[in-house]
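Heads up: the structure comes next, in structure tokens.
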Protein chains: 2
Amino acid sequence: MDISITRVEKQGKRPEDSALGFGTIFTDHMFNMDYNPEKGWHNARIEPLHNFSISPATMTLHYGQTIFEGLKAYKTAKGEIQLFRPQENFKRLNSSARGLCIPEIDEAFALEALKELLKVEKEWIPETPGTSLYIRPTVFATDPFLGVRASHTYRYFVLLSPVGAYYAEGFNPVKILISKDHVRAVRGGVGEYKTAGNYAASLLASEKAKEEGYAQVLWLDGVEQKYIEEVGAMNIFFVINDELVTPMLNGSILPGITRNSVLQLGRKWGMKVSERKISIDELAQAHKDGSLTEAFGSGTAAVISPVGEIKYGDNIMHIGDGTPGKLAVKFNEAITNIQYGMAEDTENWIEKL
Amino acid sequence: MDISITRVEKQGKRPEDSALGFGTIFTDHMFNMDYNPEKGWHNARIEPLHNFSISPATMTLHYGQTIFEGLKAYKTAKGEIQLFRPQENFKRLNSSARGLCIPEIDEAFALEALKELLKVEKEWIPETPGTSLYIRPTVFATDPFLGVRASHTYRYFVLLSPVGAYYAEGFNPVKILISKDHVRAVRGGVGEYKTAGNYAASLLASEKAKEEGYAQVLWLDGVEQKYIEEVGAMNIFFVINDELVTPMLNGSILPGITRNSVLQLGRKWGMKVSERKISIDELAQAHKDGSLTEAFGSGTAAVISPVGEIKYGDNIMHIGDGTPGKLAVKFNEAITNIQYGMAEDTENWIEKL
């Protein structure tokens, strides 16, 4: 499919890297593509960033038939532009599509289109270590219809946002709260898909956690409220007796690409690595007997986020000495060094522009 | 709060009642109101129907922070315009708001604004028995921001759509399929709120049911996949040994207003009425021994929808003789007669314009 390009008349100015936050500033151009049953995906175009004009009856507004992805483009010291495992994002986008009755998108074409967009916007990619260009591919239902069914028409778009260093204030451990009252997802549901409603369902518990001074929620499984699943915007890892443990994918956990990268590196480094069920009781026992030495989250935004405290009911578990654990630091450096071209891409994870 | 009114220059034409379907045709005007932390809900206005201009980063597009309601306005034979328990809809909208971290709306004002809108659009309310004006109040998150949190700004709007008779082809029993693979909601989740993601989460199971020739999905509970919860767009009732049974509200079932009306009438009529847990095993046993005499759904769209067949795995349960059950007919007539002003409003359910 051809991609038409319409450029802005006057290029916008990227803010200073030091002024960048997350997700509030967008680049001059976006990618758009439409779907209908007759033409399939069609009208692929790079065009100036603009508001969407949507009917108040647009199905996604009412029934949330929306999926998305999140990834980043990095600029190396040599000025090269790199993507980190973008194929995995488009593969997951199609998995989400199947789960939400949305027509799939050709993954190779999606990557090609993203690269074309990045070529147009390459001046928008920040350069300071830790900064990057956040990429948000999204598909939403566009039929103007109030009946409940899968939409017949869709929009796919890619939005770009220059973002600051996640650890602007330092790579410090965060505090997370295990929710006893709220459940994010359950087997047989849509927890493993990156769909809008999963995030809406997490808001109330997150607000309550913040009120208690906790950065994020650690979710338990929906069936028994016993097994650890994932943190708000991250997957979770524990180091117990030198074993690197993360909850096994079970249908209600998002299959994180950073999660997968941590597992791959851990195995390569000869660590004992387990994807398995881990209960809150096991975690509490491991904390009590001292065998729990580290906890950290993994995700696109933070890469690795060390966890220094986990609260479950009255049990406040402090992990480590207030500084990031050794393995959190090691994984974070290994992955970010590959992302920013400061280390050899031994895993074949990098896609250059 | 004042409500400003801007009228269309030229009124649109309502289609013939016989040409009306559901949710595809909208009236000339809509109600809009905005929220921000400084002003609260403000700028209440009735204005010509128009598309929304929204940023591609609008939070609801990504994180599904959206709630809505569905109710109807009816025209009586005398030409009066009636609403059915609208206070209950606005009460539920606020319950959904609390569950989704959305600022509440003054319920009395919401009703007043709806009545104002209906006065402007009274020519759009169809007159043939069974037809009505469908009302869709909706709130969605409008911050243009990609971080995951509750939005700081919102839009509330009310969309009106003239709709045809639900039973244009007759009041016939439908076939429903119990899903073994999919789960809609779980305790601790958002199943009891009318939020967009619940509907997205129902699509795949619904499509599979349709492929098997079933109209809708009957959902089991998310914890044990054993207890009956609700049908796709309706609550569910069974008549077993002359007891009218519906699943008790447990946090994962939508608290239907028609459901509540059926319960109230059933009790008034001296029936044995139970809101309790009902397992699929109990249902299968009651079918087997002949004590299950009726099943029907309840909801705003259909009012009462008789169920003639329920499939669970290999067990196909036929209920009744292919015609609607006596109680389904009785509840449907009693409620629609009140809605259309053909019976006395003994329950004080009607709000006249």
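Computed values, structure above
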| read-out | value |
| --- | --- |
| Region B:4-163 shape via C-alpha gyration tensor axes, a/c threshold 1.5 | prolate |
| Under 19 Å from A:LYS122, Cα to Cα: aspartates and glutamates that are on another chain or at least 8 residues apart | A:GLU9, A:GLU16, A:ASP17, A:ASP28, A:GLU47, A:GLU80, A:GLU112, A:GLU351 |
| Fraction of beta bridges assigned by DSSP in chain A that are antiparallel (%, nearest 5) | 80 percent |
| Violating pairs (Cα-Cα greater than 31 angstrom) within the set A:LYS180/B:LYS268; B:LYS175/B:LYS272; B:LYS72/B:LYS180; A:LYS175/B:LYS91 | A:LYS180/B:LYS268; B:LYS72/B:LYS180; A:LYS175/B:LYS91 |
| Among A:ASN250, A:VAL223, A:GLN339 the positive-end extreme of the charge dipole of region A:174-339 (Cβ point charges) | A:GLN339 |
| Point-charge dipole on Cβ atoms (K/R +1, D/E -1) for region B:82-189, about Cα centre, debye to 20 | 500 debye |
| Inter-site label distance for B:SER18 and B:ASN51 at 7 Å from Cα along Cβ, in nm | 3.5 nm |
| Residue mean of other protein chain beta carbons inside 10 Å, B:286-297 | 0 |
| Shape of region B:180-315, Cα gyration tensor, a/c cut at 1.5 | oblate |
| Cα-based helix-to-principal-axis angle, B:86-99 vs chain B, degrees rounded to 10 | 90 degrees |
| Label zone at B:GLN285 (point 7 Å along Cα-to-Cβ), backbone N below 11 Å, region B:217-250 | none |
| For region B:182-243 and region A:185-243, distance of Cα centres in Å | 23 Å |
| Degrees separating the helix A:257-268 axis from the principal Cα axis of chain A, which is the longest one | 50 degrees |
| Acute angle (nearest 10 degrees) that the helix A:107-120 long axis makes with the longest principal axis of chain A, alpha-carbon atoms | 80 degrees |
| Per-residue mean of C-beta atoms belonging to partner chains within 10 Å, peptide B:171-182 | 1 |
| Cα centre as origin, Lys/Arg/Asp/Glu Cβ charges: region A:210-258 dipole, Debye | 100 debye |
| Student exercise, chain A dipole from Lys, Arg, Asp, Glu Cβ charges, in Debye to nearest 20 | 260 debye |
| Listed peptides A:158-167, A:340-349 by packing density, highest first (mean Cβ within 10 Å) | A:158-167, A:340-349 |
| At R0 = 25 Å, FRET efficiency that the Cβ-Cβ distance of A:THR6 and A:HIS152 yields, to 0.05 | 0.40 |
| Separation between Cα centres of region B:1-39 and region B:297-353, rounded to whole Å | 30 Å |
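Laboratory data are not the source of any read-out in this text; all were calculated from the coordinates shown. For clarity, every value in this text was computed on a predicted model and none was experimentally measured. Note that we place each Cβ from the backbone using ideal geometry, even for glycine, and neighbour counts take in every protein chain shown.
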